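Step one of this worksheet: look at the structure below.
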Amino acid sequence: MAHVTGTLIEKSSQNQISDIRLQKHFRVPPLSGAIRKAEDPFPNIFVEEVPFLDGPHLIFPGPKPGTSVEFRRLTESIFHHEHDWPPEFIAFTKQMFRGVLALSDVLAKRVGLKRGTLGDSTERGDVIIPEADRFRAMRDAVRFSSAEFDSFLAENSVDEAAMAELVVDIGAFTLADHSISSGTLVHKPIIRTKRQFIVAAPQQLICAANQLALRTIVEANLQSMFVRFYSETVMSSVRRSLVHLCHLPTSLTPDSPPGIEGISEQFYLFDSDKLLYVLLVCDTLEGFDQKTIEGIWGTAQLAQKLVQRMHTIQSEMARKVPFANEFFCLMVPCGVNRIHELVADNWPETILCLGMTAENLEIVSLIEAGNKLALWRFARKSAQVLKRARFVVFDDLDLFAAYRDRNCSFPLGNSSTPPKVLVKVGYGRRLKAKLANEQDWHPVRYFEDNLLVNVNTLYQDAEKLRFAATRVPQECLVSTTQDDKTKICVEKTSNSWMCSAM
């Protein structure tokens, strides 16, 4: 609907559609018919909060899985290594991200949305039209007069040029330019008219900013730096997740490096006789298409190299760790705005293997905290099912949620034909909602400039926590809005500080 409106040539206010007529459009076909029947449930939290250099910001992650986590890892990989990247790249991305975050933040606050807002995930439900006053407030929230927009950028120290690639003039595109993965508003979610700016697609702001950063990296031939730093930040996230599952890192090192670009490796011991091999595979941005936000990366040749590497590692570890009775490989594909596709016909049957993104690993590790066999059991049960059936699933978190809801199993029945295990899109959202309701992880500013921690309020009043008072890895005090104190535990990691409220 926003795309259709944006294709119109700007006219006088007398030609604007009335609220009543707009509501009717949503309640008649095709919006109430074929489109409604094909609509998937919203898979994410509607409003999240992310850290940045100038503090925490509210964002709308949109329907694409992993957008907020990819943003956090991408900005970490850039600004934690600020002196390694070219100064002009740092200057541009800092301005661009700051502008997008400030814009997302003000939109959420204008309509009173807070972090952890779940939104409506009703499957094939009716379009909800708010009451007139609320609808008018929401409509006005995405509008800025030209003077207001200029003032907004100035207040946040953002150069207009840094936002230019995210803005499109009204009427400058056509209906044919629409696409879920490469449409105009997917890349340029802000529409400019003669007198105002309209954020036509708020849920695309972060995704579009991520894509613009990738495009800048490719145009400047900085892909190798992206692979190096992005894989480092993702691996740090993986390490933090595995701590929750009581997996102990080892100092084991292979006899030879993998020799595959984008590959990182780490070994863990768990359950006394099992060895976990973490194989992180980073998108190298080969064949990057700036026009497509849902591009695909990974080749058959890469998949074959990974298979060979697994066989090599298994042989080495059988010699180096003879007491390990089982070898378990956790493959973590990582990229930004691109879906991995790593398919090979000869994945080794002798190696128990599980693929899971860093975001989903983080969710699973928090949900299953303390259960050191959680990943191994899920991988084993999935491997058993794949001998008799095939999975039809959109996201690995959806599959894990279905497995968990069925007492850690996949009932297949007694059918003589190979069955399909079909999992609804967005089924794993309930696990995200569970974490949002039970554990409120969010960034909190330190007393010192440019330092943030992640705080977990653990069932307490999330609105009280404001900033932490120390930067050492020990118990400390957090000031609250009511001038009392809440004790927290702080854990220093390689890229951030993690805190848990006590």
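The values are calculated or read from the model by the stated rules, or taken from the named source; none is laboratory data. All values reported here derive from a predicted model rather than from experimental measurement. In this analysis, Cβ positions are derived from the backbone assuming ideal geometry, glycine residues included, and neighbour counts consider all displayed protein chains. For the accessible areas, the whole protein counts, side chains as well, though only heavy atoms, and no ligand, DNA or RNA atoms are used. Shrake-Rupley method; radii C 1.70, N 1.55, O 1.52, S 1.80 Å.
If you take the residues of region 373-426 that are of a type in the set (Val, Ile, Thr) and part of a loop (DSSP other than H, G, I, E, B), which of them is surrounded by the most Cβ atoms within 10 Å (Cβ to Cβ)? So the residue we want is 423.
For region 42-63, what are the residues that are of a type outside the set (Asp, Glu) and open to solvent by 30 Å² or more (accessible area, probe 1.4 Å)? Those that are of a type outside the set (Asp, Glu) and open to solvent by 30 Å² or more (accessible area, probe 1.4 Å): 42, 46, 51, 53, 56, 63. For region 225-274, residues that are more than 23 Å from the chain's Cα centre (by Cα), closer than 28 Å to residue 70 by Cβ and without any contact (Cβ under 8 Å) to a residue 12 or more places away in the chain total 2. Looking only at residues of region 358-372 that are part of a loop (DSSP other than H, G, I, E, B) and of a type in the set (D, E, K, R), we find that the one that is farthest from the chain's Cα centre (by Cα) is 372. Taking the criterion of being over 26 Å from the mean Cα position of the chain (by Cα) and modelled with pLDDT of 90 or more, the residues of region 327-357 that qualify are 327, 352.
Within region 66-74, identify whether any single residue is in contact with a His (Cβ under 7 Å, 6 or more places away or on another chain), modelled with pLDDT under 95 and of a type outside the set (Asp, Glu), and answer yes or no. Within region 66-74 (the criterion being in contact with a His (Cβ under 7 Å, 6 or more places away or on another chain), modelled with pLDDT under 95 and of a type outside the set (Asp, Glu)), the answer is no, since none of the residues qualifies. Any residue in region 24-41 that's farther than 15 Å from residue 1 by Cα and open to solvent by 100 Å² or more (accessible area, probe 1.4 Å): show its pairings with residues that are of a type in the set (Ser, Thr, Tyr) and part of a loop (DSSP other than H, G, I, E, B) at Cβ separation under 9 Å, as long as the two are six or more apart or on different chains. Pairs that qualify, where the first residue is farther than 15 Å from residue 1 by Cα and open to solvent by 100 Å² or more (accessible area, probe 1.4 Å) and the partner is of a type in the set (Ser, Thr, Tyr) and part of a loop (DSSP other than H, G, I, E, B): there are none. The helices (runs of 4 or more DSSP H) found entirely in region 74-181 that carry 3 or more residues being surrounded by 13 or more Cβ atoms within 10 Å (Cβ to Cβ) and of a type in the set (Gly, Ala, Ser) are 87-110. Say whether the condition of being in contact (Cβ under 8 Å) with a residue 60 or more places away in the chain, in a loop (DSSP other than H, G, I, E, B), open to solvent by 40 Å² or more (accessible area, probe 1.4 Å) and over 18 Å from residue 93 (Cα atoms) is met by at least one residue in region 203-222. Taking every residue of region 203-222 in turn, none turns out to be in contact (Cβ under 8 Å) with a residue 60 or more places away in the chain, in a loop (DSSP other than H, G, I, E, B), open to solvent by 40 Å² or more (accessible area, probe 1.4 Å) and over 18 Å from residue 93 (Cα atoms). For region 262-320, taking the residues that are of a type in the set (Lys, Arg), open to solvent by 50 Å² or more (accessible area, probe 1.4 Å) and at pLDDT 90 or above, the one that is nearest to residue 180 (Cα to Cα) is identified as 305. Taking each residue of region 392-403 that is charged (D, E, K, R) and looking for partners that are in a helix (DSSP H, G or I) with beta-carbon atoms closer than 8 Å, six or more apart or interchain, yields 395/360; 396/360.
I need the full set of residues from region 353-365 which are hydrophobic (A, V, I, L, M, F, W, C) and open to solvent by 30 Å² or more (accessible area, probe 1.4 Å), in order please. Within region 353-365, just 353 meets the criteria.
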